[in-house]
Amino acid sequence: MPRKKISKKHAFSLNDIPTVQLKSRKGISEFDPDLRLQKPEFMANALWQCLIENDILAFKEILRSHLEVMNKHQLAKKAGIPQRALFRMLSPEGNPTLENLGKIIHQLCA
């Protein structure tokens, strides 16, 4: 059986790539997602959009992200929901009731 011809290795090096000078950072500002997640008006709009689009998974994910930057224990106390119920309903397998969601959203927007 004759040997197959194999192409020669290409001579390639990262040093051969020309460098590109990036623009200056003028006009670029820092972005902190935690600050956005703390704004009640942003949260209300995002949650409302999820309800309009019937995207329950996104609703729970946005609400979970918001609660990560906020004090969950204090929210549960103000909303009158046991902490365990709050954590359980926001888990991926959780199935929150409309009553509990209403209490949480009322506290977030109040």
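The values are calculated or read from the model by the stated rules, or taken from the named source; none is laboratory data. Values in this document were obtained by computation on a predicted structure and should not be read as measured data. So basically every Cβ, Gly included, is an ideal-geometry build from the backbone, and we count neighbours across all protein chains shown.
Just the residues that are among the acidic types (Asp, Glu) and either loosely packed, with under 10 Cβ neighbours inside 10 Å or in contact (Cβ under 8 Å) with a residue 40 or more places away in the chain (or both), please, taken from the stretch 33-52.
Answer for the stretch 33-52, where residues must be among the acidic types (Asp, Glu) and either loosely packed, with under 10 Cβ neighbours inside 10 Å or in contact (Cβ under 8 Å) with a residue 40 or more places away in the chain (or both): just 41.
What number of residues within the stretch 25-35 satisfy the criterion of being part of a helix (DSSP H, G or I) and over 17 Å from residue 72 (Cα atoms)?
Within the stretch 25-35, residues that are part of a helix (DSSP H, G or I) and over 17 Å from residue 72 (Cα atoms) number 1.
Taking the condition of being hydrophobic (A, V, I, L, M, F, W, C) and at pLDDT below 75, how many residues in the stretch 20-52 meet it?
Qualifying residue count for the region: 3.
Restricting attention to the stretch 53-96, report how many residues are aliphatic (A, V, I, L, M), surrounded by fewer than 17 Cβ atoms within 10 Å (Cβ to Cβ), part of a helix (DSSP H, G or I) and within 17 Å of the chain's Cα centre (by Cα).
Qualifying residue count, the stretch 53-96: 4.
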